[in-house]
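The values are calculated or read from the model by the stated rules, or taken from the named source; none is laboratory data. If you're wondering where the values come from, they're calculated on a predicted model, not measured in any experiment. When we count neighbours, we look across all protein chains shown, and the Cβ atoms used for this are built from the backbone with ideal geometry, even at glycine.
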């Protein structure tokens with residue numbers, strides 16, 4: 001009799017060898033390692049299945065280490081739901097902040113405009129561009145009116161002006177009720193700024209040293225705050241692997257840790273003054289493993305530094321690289337994945353970007369979705385109620401170990417070569433990341449890495465998402481009107497900057513007194529990318545053509561035979577070309593080449609693709625291709641791999657073959673060139 005309490009007790013026990021044998025039989029001779037094993041960009045192999053035999057002493061210790069680095073109270077409150085605000089008008093942003101905080105968000109991040117980020121005055125034409133027009137204490141007070149800074153963390157994203165912006169926020173909070181209970185995230189980060197922009201207003205050494213000194217003063221004033229941000233997003237959004245981003249985070253973290261302790265902080269206090277900002281992509285399991293690996297490796301660094309507390313503060317943000325401009329609704333799914341992975345990986349705060357983040361200013365609906373995505377994960381899934389919820393999974397534990405191993409080796413390499421600043425300055429890190437991006441591009445071009453709504457299941461006739469266009473003239477005029485005259489010289493310490501801010505000094509004034517007016521450090525910045533950018537370039541050409549002519553560039557589907565005979569390849573061809581913005585003219589099929597060519601001529605299309613089954617190709621492909629060429633087709637394609645018939649097909653006039661693994665981007669770009677050239681366009 002089987003044990004009723006033992007699941008599957010009536011079945012024989014399974015083992016890996018038996019499973020492997022069955023899997024290889026199902027592959028029918030195809031190589032196991034090629035079909036079922038995934039080779040990560042970080043250089044290690046991900047197996048299709050893991051068992052308890054894959055556990056070793058290293059993987060068994062991961063969960064134990066991570067559990068020790070988590071505060072039990074975090075399982076009660078859950079992670080911090082942090083909302084990003086970028087609207088240039090402080091009044092509108094204030095209303096949005098209050099709405100967010102009243103409806104589930106627990107903290108905010110304020111992204112400053114391009115002028116403030118570069119320390120320019122309010123007379124700059126970049127006021128209100130790319131972020132909030134916050135240039136003086138009056139602007140900040142208007143933005144944070146009725147916001148209880150002792151209850152909701154206020155984070156800053158101020159670029160090179162991180163120190164002046166921190167002085168403004170410190171001056172505002174210090175005069176607020178419950179200032180000693182406030183936990184602002186000042187996010188001063190000269191290394192991240194150098195990586196993202198290639199510029200610093202002084203030498204990197206001086207910028208890091210001064211930031212550390214200001215951080216000490218900020219933490220003395222606000223003991224619960226974080227002052228320094230260790231930002232991995234510029235690396236990941238440039239195309240870096242998860243392991244490379246982790247290595248850059250560790251190298252930057254160690255650099256800041258040294259600077260903070262040199263400035264007088266104890267190592268535990270210095271570690272507590274830092275927050276790690278990690279970009280999370282749509283590889284769900286890799287996102288979980290990345291945060292777990294970071295927590296584990298930073299714990300090792302702190303232990304080696306004789307720290308008593310091994311905790312780490314992590315802010316996870318949806319990676320901009322993973323978001324798309326076309327079919328942006330799918331971004332809701334992408335950011336759900338990034339937020340879920342962040343929660344499971346142990347993030348302390350999570351920024352879920354709005355689905356229309358790349359298009360313009362998000363409205364109330366977009367912000368509501370970002371809040372509710374995380375609220376549902378917390379309140380209905382309860383994933384925050386378990387310390388290290390991914391712990392114990394043989395797959396996740398091994399993925400964490402492999403990722404940590406790759407990242408640690410790269411971290412050691414960066415340190416051995418002189419540190420993160422030197423690796424950025426000499427261009428070596430940029431070259432390595434660009435090499436990875438080129439590898440990503442190849443996978444994207446062939447759809448080995450598919451993008452839903454972009455390279456897969458595209459909808460070129462979708463209604464475009466539009467966003468509010470701010471009235472920059474009015475915003476700039478109001479920003480100027482809020483300024484007060486301040487002509488005194490500002491000191492370099494925090495107290496002097498705070499007093500100057502209270503007296504009307506602008507970010508630009510403080511910045512100029514600190515650093516001067518020109519960038520002292522200039523290096524090649526990391527080029528920021530998005531996975532969808534090349535497809536969107538083609539789609540933009542297509543949309544421009546439609547706006548001029550009323551129709552998209554078109555390809556005629558020369559479908560052979562009955563619907564059942566050509567549907568599979570016709571659907572493949574349609575998705576293939578529409579991923580590049582070329583609309584497919586479809587039909588129910590043709591019995592012979594003459595009928596197909598007649599319909600092609602009536603369609604007005606300039607290019608055609610033959611779609612059918614292999615038996616039909618053997619009978620009709622050559623004849624149809626010759627007829628289409630004679631009828632004026634600039635390019636003729638065949639859907640499917642040509643096999644041994646390639647030379648015969650090419651001799652008949654078939655220019656290219658489209659099949660799984662073909663270069664979608666290259667083929668569609670060539671097709672667009674021909675179609676638009678025929679109509680006198682570029």
Exercise for review: Residues that are within 34 Å of the chain's Cα centre (by Cα): find the helices (runs of 4 or more DSSP H) completely inside the range 607-682 holding 2 or more of those.
Suggested key: 664-678
Practice item. List every residue pair whose Cβ atoms sit under 8 Å apart, with the two residues 6 or more apart in sequence or on different chains, where the first one lies in the range 257-273 and is at positive phi and the second, anywhere, is modelled with pLDDT of 95 or more. Key: 264/216
Check your understanding: Hey, among 489, 461, 484, which residue is part of a loop (DSSP other than H, G, I, E, B), over 29 Å from residue 236 (Cα atoms) and in the same structural domain as residue 436 (by TED's automatic domain parsing)?
Key -> 461
Review point. With respect to residue 211, is the statement that it is closer than 22 Å to residue 115 by Cα, touching a residue at least 12 places away in the same chain (Cβ under 8 Å) and assigned to a strand (DSSP E or B) true?
Key: no
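Residues checked against (1) at pLDDT 95 or above; (2) surrounded by fewer than 21 Cβ atoms within 10 Å (Cβ to Cβ); (3) under 30 Å from residue 241 (Cα atoms):
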position: 500; (1), (2), (3): yes, no, no
position: 526; (1), (2), (3): yes, no, yes
position: 530; (1), (2), (3): yes, yes, yes
position: 556; (1), (2), (3): yes, no, no
position: 569; (1), (2), (3): yes, no, no
position: 574; (1), (2), (3): yes, no, no
position: 583; (1), (2), (3): yes, yes, no
Check your understanding: Can you name the condition, by its number, that residue 387 falls short on among (1) over 23 Å from residue 452 (Cα atoms); (2) at pLDDT 95 or above; (3) surrounded by fewer than 22 Cβ atoms within 10 Å (Cβ to Cβ)?
Key -> (2)
Exercise for review: Please find, among 351, 421, the residue that is crowded, with 17+ Cβ neighbours inside 10 Å, at pLDDT 95 or above, farther than 30 Å from residue 54 by Cα and in contact with a strand residue (DSSP E or B) (Cβ under 8 Å, 6 or more places away or on another chain).
Suggested key: 351
Revision key, fill the gap. The condition of being under 27 Å from the mean Cα position of the chain (by Cα), under 23 Å from residue 516 (Cα atoms) and assigned to a loop (DSSP other than H, G, I, E, B) holds, among 127, 122, only for 127
Check your understanding: With respect to residue 113, is the statement that it is buried (at least 22 other Cβ atoms within 10 Å of the Cβ) and more than 24 Å from residue 181 (Cβ to Cβ) true?
Key -> yes
Exercise for review: Evaluate the following for residue 446: is it surrounded by 15 or more Cβ atoms within 10 Å (Cβ to Cβ), within 23 Å of residue 667 (Cα to Cα) and modelled with pLDDT of 95 or more?
Suggested key: yes
Practice item. Could you grab me the full set of residues in the range 359-386 that are touching a helix residue (DSSP H, G or I) at 6+ places or on another chain (Cβ under 7 Å), more than 23 Å from residue 286 (Cα to Cα) and assigned to a loop (DSSP other than H, G, I, E, B)? Key: 359
Check your understanding: residue 510: part of a helix (DSSP H, G or I), over 32 Å from the mean Cα position of the chain (by Cα) and in contact (Cβ under 8 Å) with a residue 12 or more places away in the chain, yes or no?
Key -> yes
Review point. Can we say residue 240 is surrounded by 21 or more Cβ atoms within 10 Å (Cβ to Cβ) and touching a helix residue (DSSP H, G or I) at 6+ places or on another chain (Cβ under 6 Å)?
Key: yes
